[in-house]
Amino acid sequence: MSGRLAGKTIFATASGQGIGRAAALAFANEGARVIATDVNPETLATLEDENADIQTRVLDVTDGAGIAKIAAELGAVDVVFNCAGYVHNGTILDCDEADWARSFDVNIKSMYRVIKAFLPAMIDAGGGGIVNISSVASSITAAPNRFVYGATKAAVIGLTKAIAVDFVGKNIRCNAVCPGTVDSPSINERMAATGDYEGMRAKFLERQPMGRFASPEEVAS
Ligand code: NAD
């Protein structure tokens, strides 16, 4: 396979839909060997139909033992792409301890688990890249009703910078991508769940400096 990423191995989370799916396809289209994971077997299966070169594995990023197992099997990879994320809708007054715990587990502790599992082999192999998906709703800016989500995505930026500074001497790059609103399946589901899809979409669009949503493919590229 030719392409800018020929010969590279990518481990990715949340590849079933949205940004993660677009990224898995973009990596594969650049010639990489992609191990694409998601907690949802149905969406993963359709990814395999779209690109037979992508290997898929069902993986829940809150499952530390499952992550350790797959990291041990794969050994050194060139890129770790942490995309799994979950949006809790609401302010601090809507966020109970279970919402807080789930948001931090899926959105940030998952990255701690994945990076800790893959990093030693990456260092031994001479280096690599880690890409974590954060959001503009983080330490960059606040979005309404994104209390705990914004807190987790700010934590992603802190985790990313900490790893970058600790391992730059080992040829490890660690970066975060902070998208604005992206036209993904889950955001459309959240807008529909309000009962006023068109009204919500217009509200979201109003606060996009570009005047439109980004596409998953744009973020992937
Ligand atoms: P999405 O929300 O539509 O899909 C999320 C994917 O993550 C699904 O395939 C789901 O099965 C998977 N997932 C959820 N929990 C998981 C778990 N425990 N283990 C493994 N996989 C799990 O996709 P999206 O909107 O493109 O979001 C992808 C990432 O981008 C998330 O981290 C999200 O916070 C971030 N993001 C999204 C937007 C946006 O507007 N859509 C903006 C900024 C950042």
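Structure data summary
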| item | result |
| --- | --- |
| Of the criteria (1) farther than 23 Å from Leu25 by Cα; (2) in a helix (DSSP H, G or I), which one His88 fails | (2) |
| The listed residue being away from the ligand (no atom under 14 Å from the Cβ), modelled with pLDDT of 95 or more and surrounded by 15 or more Cβ atoms within 10 Å (Cβ to Cβ), out of Ile157, Ile115, Ile133 | Ile115 |
| Filter result for Pro209 (assigned to a loop (DSSP other than H, G, I, E, B), of a type outside the set (Phe, Trp, Tyr) and modelled with pLDDT under 95) | yes |
| Extreme residue, nearest to Ala84 (Cα to Cα), among residues of the range 4-22 that are part of a strand (DSSP E or B) and within 13 Å of the ligand (Cβ to nearest atom) | Ala12 |
| Members of the range 162-196 found to be without any contact (Cβ under 8 Å) to a residue 12 or more places away in the chain and assigned to a helix (DSSP H, G or I), listed by number | Ala162, Ala164, Val165, Asp166, Val168, Gly169, Asn188, Glu189, Ala192, Ala193 |
| Any chance Ala143 is within 13 Å of the ligand (Cβ to nearest atom), in contact with a strand residue (DSSP E or B) (Cβ under 6 Å, 6 or more places away or on another chain) and either of a type in the set (A, V, I, L, M, F, W, C) or under 21 Å from Val80 (Cβ atoms) (or both) | yes |
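Each row is one residue, and each column tells you yes or no for (1) closer than 21 Å to Ala154 by Cβ; (2) away from the ligand (no atom under 11 Å from the Cβ).
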position	(1), (2)
Ala24	no, no
Asn29	no, yes
Ile35	no, yes
Asn51	no, yes
Ile54	no, yes
Lys69	no, yes
Cys83	yes, no
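The values are calculated or read from the model by the stated rules, or taken from the named source; none is laboratory data. What you are looking at is a predicted structure, and each value in this text was computed from that prediction instead of being measured. Counting neighbours? That spans all protein chains shown, and the Cβs are built from the backbone with ideal geometry, glycine included.
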